[in-house]
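Quick note: the coordinates plus some simple rules give every number you see, no bench work behind them. Just so we're clear, the structure is a prediction, and the values are computed from it rather than from any experiment. When we count neighbours, we look across all protein chains shown, and the Cβ atoms used for this are built from the backbone with ideal geometry, even at glycine.
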Amino acid sequence: MSKISAAITAVGAYVPEYILTNQMLEEMVDTNDEWITSRTGIKERRILRDVGKGTSYLAIKAAQDLINKKGINPETIELVIVATATPDMKAASTAAFTASEIGAVNAFSFDMDAACSSFLYGMSVAASYIESGRYKNVLLIGADKMSSIINYKDRATCIIFGDGAGAVLFEPNEEGLGLKDEYLRSDGTGREFLQATYGGSSFPITEEAMANGGQYAFQEGRTVFKNAVSSMADAAVKILERNNLTKDNVAWLAAHQANKRIIDATAQRIELDESKVMVNIHKYGNTTSATLPLLLNDYESQLKKGDNIIFAAFGGGFNWGSIYLKWAYNSINE
Ligand code: UT7
């Protein structure tokens, strides 16, 4: 019997309608379109403004998009993982609510947080459940409402982040398609450079913390940038080398959309032509756990069965890595 691998067999996505442009940010903080565009590649990002709607709203919409496109019965889904750094609430899983709302009534579910690497790590977890033979339908959703932890008076963070969600379905495959290899790492000494500090057990929310903006994300951009460039590229190089992949047989790079310059640096290290690099940062900014599935959704019609895709991500923690996946289907839109 051939080995079971875990293939992505469907994709869905959702971004809120409201668009926050660079020009609008110029009115809010001391910044300008030229700086944001040249330093990050971002032109606009989507924001979920409706009061009372959280990350689950985005996750549910992305999952429903996948379910409708693929035409699956949600009752056949056995596991729902919501990769997110911004769950609806501290306790009571966002994934459980999402699963119930989409009608995945036979599934168990949990949230996973590895900051901007949540979806990448989630791919590893989802694939492991499939490869073990224990489950046959695993829905992995990457969703973040970053606007809920952003201070729109802090130009170091508010220009970068946006809200969105993407979903993928993992199913068993016996043709050798799907997740082939992974290189995942973390280094906790990096946590001081990128964090949303308050609200966790070490730093409960206090009136004083709130008054000082403790509820918001903070980053020392330059340090994060340097680490992201070297770590993401190193991880991608390792994955290429140990799988005998070169710029010629890699079809796509799907890299976390944090900064266009980081994406370009990673592509250059593996000598990949620009035409093979998935990019949508200009439209959505950094949506944290949603960047990779949003890329898959935007590029789905161009992906071919057998395409070698290199995923790479880097995020707070620090957490980073690279995954090699063979795409499993041709788009029905062809
Ligand atoms: O997804 C999780 C991981 N996150 C990341 O990977 C983010 C990594 N970091 C970055 O993308 C970049 O570091 C930023 C986009 C956050 C910042 O870009 P940078 O090129 O590293 O800028 P910088 O912080 O070194 O600042 C350069 C200059 C400074 O001015 P001086 O000191 O040279 O006069 C800043 O004060 O740019 C200034 N600056 C701004 N100017 C206009 C910083 N932010 C802004 C701004 N608009 N929004």
In cubic angstrom per residue, the convex hull of the stretch 6-159 built on its Cα atoms measures 125 Å³
List every residue whose amide H lies under 5 Å from the amide H of PHE161, counting only residues 5 or more places away in sequence or on a different chain, with H placed 1.01 Å from N in the peptide plane. ASN286
If I build a Gaussian network model for the chain, linking alpha-carbon pairs within less than 10 angstrom, which residue out of SER186, SER289, SER275 has the largest mean-square fluctuation? SER275
Return the ratio Rg/(2.2 N^0.38 Å) for the stretch 179-326, where Rg is computed over Cα atoms only. 1.15
Projected-area average for the chain over all orientations - Cα convex hull basis, square nanometres: 16.7 nm²
Could you order peptides 49-58, 247-256 by the average number of other Cβ atoms within 10 Å of their residues, highest first? 247-256, 49-58
Past 28 Å, Cα to Cα, is the threshold; run LYS3/LYS61; LYS70/LYS305; LYS70/LYS326; LYS260/LYS304; LYS3/LYS90; LYS238/LYS276 against it and keep the listed order. LYS3/LYS61; LYS3/LYS90
Can you give the Rg to Rh ratio of the stretch 177-247, both from alpha-carbon atoms, with Rh computed by the Kirkwood formula? 1.18
Along the Cα→Cβ direction, 7 angstrom out, place labels at SER230 and LYS153. What is the inter-label distance in nm? 3.6 nm
Have a look at TYR152, SER118, THR98 and report the one farthest towards the positive end of the charge dipole of the chain, computed about the Cα centre with Cβ charges (Lys/Arg +1, Asp/Glu -1). SER118
Rounded to the nearest 5, what % of DSSP beta bridges with both residues in the chain are antiparallel? 70 percent
What are the semi-axes of the equivalent ellipsoid of the stretch 107-149, taken as the square roots of 5 times the eigenvalues of the Cα gyration tensor, listed largest first and rounded to whole Å? 23, 11, 7
DSSP beta bridges in the stretch 179-326, what fraction antiparallel, as a percent rounded to 5? 75 percent
Cα centre as origin, Lys/Arg/Asp/Glu Cβ charges: the stretch 5-176 dipole, Debye: 140 debye
Most fluctuating of GLU44, GLU182, GLU271 in the GNM of the chain (C-alpha, under 10 Å) is GLU271
Between the stretch 74-90 and the stretch 290-334, how many Å separate their Cα centres? 19 Å
So, for the Cα atoms of the stretch 84-209, Rg and Dmax in Å stand at 17.0, 58
Value of relative contact order over the stretch 266-334, rounded to a whole percent, pairs C-alpha under 8 Å and six or more apart: 27 percent
Going toward the positive end of the dipole of the stretch 200-256, with +1 on Lys and Arg Cβ and -1 on Asp and Glu Cβ, which of ASN243, PHE218, SER201 do you reach last? ASN243
Electrostatic dipole magnitude of the chain [Cβ: Lys, Arg +1; Asp, Glu -1; Cα centre; debye, to 20]: 360 debye
So if the hydrodynamic radius of the stretch 32-121 is defined as the Kirkwood radius over C-alpha pairs, what does Stokes-Einstein give as its diffusion coefficient at 37 °C and 0.692 mPa s, in µm² per second? 222 µm²/s
222 nm [θ] for the chain, helices only, -39500 (n - 2.57) per DSSP H run of 4+, per residue, to 500? -9000 deg cm²/dmol
Once you've got the GNM for the chain with C-alpha springs shorter than 10 Å, pick whichever of PHE203, PHE161, PHE119 has the biggest mean-square fluctuation. PHE203
How high is the relative contact order of the chain, in percent, with contacts defined as C-alpha pairs under 8 Å that are six or more residues apart? 25 percent
Of LEU253, THR189, GLY162, which is farthest towards the positive pole of the chain's charge dipole, taken about the Cα centre with +1 and -1 on the beta-carbons of Lys, Arg and Asp, Glu respectively? LEU253
The stretch 179-326, relative contact order [Cα under 8 Å, separation at least 6], %: 38 percent
